[in-house]
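Undergrad: Please read through the structure below; I'll follow up with questions.
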Amino acid sequence: MTLKNRAIGVLLLLAISLSCWSIIASHPLHKNVFQNDPKTADAIMEDVIATVYNKLGEPSFKLTTPKMVHYPENDSTDITTPRVTLFRQSPQPWHIDADYAKTKNGITEILFWQNVNIHHAADTENPNTSLLTDALTIFPDQQIVKTDQPVVFTQPETTIHAVGMLADLNDNTIKLLSQTQGEYAPTS
């Protein structure tokens with residue numbers, strides 16, 4: 001190779017290098033940066049079966065759902081078709097089913113809505129009990145349930161319609177708050 005050819009090659013390499021540098025400098029690299037937007041989902045879980053245990057190692061709360069979506073804002077979770085079991089001091093747990101639910105602050109408060117059904121099977125101290133409503137809030141740690149919506153309370157031979165309810169599932173007290181109308185139909 002002659003000196004002339006080498007000089008042309010070096011100049012050509014220099015021109016290519018300057019062109020590449022110019023292109024790179026004029027178009028900054030796009031980086032995928034994780035946004036800490038509290039309103040954006042940060043976790044999605046499917047086919048969930050989660051059990052929370054108390055200090056004695058006994059189950060206190062169980063959640064089954066096909067899908068959960070967690071958001072950092074208020075440590076909240078949207079839950080599709082939840083089934084919650086609240087274990088308590090009696091032999092039979094309470095079951096809560098609904099079309100939708102949302103937790104707040106972890107699982108300290110859970111809002112259920114659309115086709116909410118609360119059920120407790122009969123045991124040695126309590127009859128079979130069902131409550132139907134459109135919206136309900138539970139506080140799993142305290143086992144308190146409340147709503148300001150219409151409620152249908154059913155036990156064998158008894159149906160009561162009311163608006164609003166406050167229940168303590170540990171001691172089986174259910175207070176129907178207003179507009180209470182009952183029907184007693186004994187089976188002979």
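Since every read-out is calculated from the coordinates, none of them should be taken as a lab result. Because the structure is a prediction, the values reported are computed rather than measured. FYI the Cβ positions are ideal-geometry reconstructions off the backbone, even for glycines, and counts take in every protein chain you see.
Undergrad: Counting other C-beta atoms within 10 Å, which of 178, 90 has the fewest, and how do the rest follow? Walk me through the numbers before you get to the answer.
TA: On the way: 178 9, 90 16.
Starting with the residue having the fewest Cβ neighbours, the order is 178, 90.
Undergrad: Which order do the peptides 72-80, 51-59 come out in when sorted by mean C-beta neighbours inside 10 angstrom, highest first? Each step should come with its number before you reach the end.
TA: On the way: 72-80: 16.8, 51-59: 9.8.
Output ranking for 72-80, 51-59: 72-80, 51-59.
Undergrad: Here's another thing I want to ask about it. I'd like the per residue volume of the convex hull spanned by the Cα atoms of the range 36-142, given in cubic angstrom.
TA: 102 Å³
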